[in-house]
Amino acid sequence: MSSSFFIKTKGNPKTTKKGKETAAVKRKADGDSGGQSKIRAKKPSKKYSEEISSESEAEGPAVSKKRQASEEIEFEETPQEKKLRLAKLYLEQLKEAEEKEAEDEAFETDLIAGRLQEEVLEQKGKLQRPIAKDLIPPDASEIRVLRGHKLPITCLVITPDDRCIFSAAKDCSIIKWDIESGKKLHTIHGGRKGTEDRHVGHTAHILCMTISSDGKYLATGDMNKLIMIWEAETCKHLYKFTGHKGPVSGLSFRKGTHDLYSASHDRAIKVWNVDENAYVETLFGHQDAITGLDSLSRERCVTAGGRDGTVRVWKIAEESQLVFHGHGGSIDCVQLINEEHMITGADDGSVSLWSVNKKKPLGTVKQAHGCHGDSGLEQPHWVASVAALQNSDTVASGSHNSQVNVWKCGQNYRGLELLFSVPVSGFINSLKFSSSGQFLVAGVGQEHRLGRWWRLKEAKNGIYIIPLKTKPSNAEEAKQTK
């Protein structure tokens, strides 16, 4: 009992000497302000003088309180206020994102709507992009010539990516060209007559060629009634199609497929499936040798009937045909502008525009390339080739009057207006527009592709790359003026 009392008494500062001293110091600190200033006036050690800032003493109590208040206003935030602030910020970000997304969606919707509208017009054959109004004739120095064939070029195609050209000639050879550099990438040499069994390639004049829309297959046809299928990338020979009883004069792949249409002087149209290496069917109707053939994405093709004076549209699925009669003369070439319109050239010198809904041409230019011969015995220059920039108002024609004519189609393809002529010496046996519409390629020879009625010695057998220049825009004109 006494020991526990001793411990309790010991713990009371008032009952011990040490406790009394502590209480006295405490009373002195509480009641005597002078004592406080004396304690603060005590010189601190060097260590603490470095770590403790003296700004509070210099600023004084009023400035210190003001700073403390501003810091509290600036940084003091309750959890609820913080949540509210972050929520508002998040809502603003969401609103901005939605507005931007709405703008992007509106832009994409307009873009898609425009594309869909173009596709619908393209399928209906009513798409006509106005390109001709901006074209201007190129300078003669800008035309490039690629030479490699020994005999007249008869046909050519441009790859879908506009990087390469395939050309063929009466020397039975096929050359693959790089458009940018103008160099030969590959040559498939022709063989001599009688070497068909051992030679890989053609041994007779090549009259026509075509390339699939994906650039995978190249098809060529010759005077020996043969169709050769090649791998376009490597120029490797794949198949040989036989069945025609006359020279193969026209070839075309259906766009977006590997279905191949072929035409021949035997007056027949044949359908092939290249993927399956198979023959499908034969169509008859022309009364004379077929001289040209073309097709687009529909399951149909168009043909020029030569001296029978007709153009025919073959509806493959329906097994029917539409017959269109020309003004006279042999219709030697045909090209589709879109699914509903086409252009033809004839040996009476006329160039005609057609619609599949009209039996007669929508417009015809007679003697489109002028005449030749003695006075009183003039004969029109034959139109040997035509080309069309797909789904546009721009077409071209070639003859042997030393020029390529570029034409503008009228509204709804009614009528033709000559834009300009490009000087090219020789027989223009083949014409092709690039997919981009940036250039036109002409296959030129000293002779006509189908015979040797004339020979132009001054001409050069070659490929002419003609740039299609456009008028500078107002912004470009302003820059040039400055």
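The values are calculated or read from the model by the stated rules, or taken from the named source; none is laboratory data. Values in this document were obtained by computation on a predicted structure and should not be read as measured data. We place every Cβ from the backbone using ideal geometry, glycine too, and count neighbours over all the protein chains shown. Surface accessibility is based on the protein's heavy atoms, side chains included, excluding ligands, DNA and RNA. Shrake-Rupley method; radii C 1.70, N 1.55, O 1.52, S 1.80 Å.
Computed values, structure above
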read-out: Number of positions in segment 392-430 that are touching a Leu at 6+ places or on another chain (Cβ under 8 Å), open to solvent by 10 Å² or more (accessible area, probe 1.4 Å) and in a loop (DSSP other than H, G, I, E, B); value: 5
read-out: Given (1) of a type outside the set (Gly, Ala, Ser); (2) free of Cβ contacts under 8 Å to residues at least 24 places away in the same chain; (3) crowded, with 20+ Cβ neighbours inside 10 Å, index of the condition LYS240 fails; value: (3)
read-out: Residue within segment 330-341 that is within 19 Å of LEU418 (Cα to Cα) and open to solvent by 20 Å² or more (accessible area, probe 1.4 Å) present; value: yes
read-out: The lone exception for THR234 - which of (1) open to solvent by 20 Å² or more (accessible area, probe 1.4 Å); (2) of a type in the set (Ser, Thr, Tyr); (3) closer than 24 Å to LEU296 by Cα; (4) within 24 Å of the chain's Cα centre (by Cα) it fails; value: (3)
read-out: Per-region count, segment 439-467, residues open to solvent by less than 20 Å² (accessible area, probe 1.4 Å), under 23 Å from the mean Cα position of the chain (by Cα) and in contact (Cβ under 8 Å) with a residue 60 or more places away in the chain; value: 3
read-out: Residue check, ASP288 at pLDDT below 95 and surrounded by fewer than 21 Cβ atoms within 10 Å (Cβ to Cβ); value: yes
read-out: Condition check for GLU96: assigned to a helix (DSSP H, G or I) and either more than 30 Å from CYS409 (Cα to Cα) or at pLDDT 70 or above (or both); value: yes
read-out: Residue in segment 209-224 that is open to solvent by 30 Å² or more (accessible area, probe 1.4 Å), among the hydrophobic types (A, V, I, L, M, F, W, C) and assigned to a strand (DSSP E or B) present; value: no
read-out: Test: residue in segment 353-369 that is open to solvent by 10 Å² or more (accessible area, probe 1.4 Å), hydrophobic (A, V, I, L, M, F, W, C) and over 26 Å from GLY410 (Cα atoms); value: no
read-out: Hey, ALA289 over 35 Å from the mean Cα position of the chain (by Cα) and either assigned to a loop (DSSP other than H, G, I, E, B) or on the phi < 0 side of the Ramachandran plot (or both) or not; value: yes
read-out: First in segment 271-291 and without any contact (Cβ under 8 Å) to a residue 60 or more places away in the chain, second anywhere and exposed (fewer than 11 other Cβ atoms within 10 Å of the Cβ), Cβ under 8 Å, 6 or more apart; value: VAL271/GLU281; LEU283/GLU319
read-out: Every residue from segment 268-284 that is out of contact with any Asp or Glu (no Cβ under 7 Å at 6 or more places or on another chain) and not aromatic (Phe, Trp, Tyr); value: ALA268, ILE269, LYS270, VAL274, ASP275, GLU276, ASN277, ALA278, VAL280, GLU281, THR282, LEU283
read-out: Among (1) surrounded by fewer than 20 Cβ atoms within 10 Å (Cβ to Cβ); (2) part of a loop (DSSP other than H, G, I, E, B); (3) in contact (Cβ under 8 Å) with a residue 24 or more places away in the chain - the single one LYS245 does not satisfy; value: (3)
read-out: Residue within segment 250-269 that is open to solvent by less than 10 Å² (accessible area, probe 1.4 Å), among the polar types (S, T, N, Q), touching a His at 6+ places or on another chain (Cβ under 7 Å) and not in a strand (DSSP E or B) present; value: no
read-out: Residue tally, condition of a type in the set (A, V, I, L, M, F, W, C) and at pLDDT 90 or above, over segment 428-457; value: 8
read-out: GLU276 vs. criteria among the charged types (D, E, K, R), assigned to a loop (DSSP other than H, G, I, E, B) and either under 20 Å from THR154 (Cβ atoms) or open to solvent by 40 Å² or more (accessible area, probe 1.4 Å) (or both); value: yes
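Residue by residue, here is whether (1) free of Cβ contacts under 8 Å to residues at least 24 places away in the same chain; (2) acidic (Asp, Glu); (3) in contact with a Leu (Cβ under 8 Å, 6 or more places away or on another chain) holds:
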{"site": "SER295", "(1), (2), (3)": "no, no, yes"}
{"site": "THR303", "(1), (2), (3)": "no, no, yes"}
{"site": "ARG307", "(1), (2), (3)": "yes, no, no"}
{"site": "HIS327", "(1), (2), (3)": "no, no, no"}
{"site": "GLU340", "(1), (2), (3)": "no, yes, no"}
{"site": "TRP354", "(1), (2), (3)": "no, no, yes"}
{"site": "ASN357", "(1), (2), (3)": "yes, no, no"}
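Yes/no matrix, rows are residues, columns are (1) outside any loop (DSSP other than H, G, I, E, B); (2) modelled with pLDDT of 90 or more; (3) farther than 29 Å from LYS471 by Cα:
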site	(1), (2), (3)
GLU101	yes, no, yes
GLU105	yes, no, yes
GLU119	yes, no, no
GLN123	yes, no, yes
LYS133	yes, no, no
VAL157	yes, yes, no
ASP162	no, yes, no
PHE166	yes, yes, yes
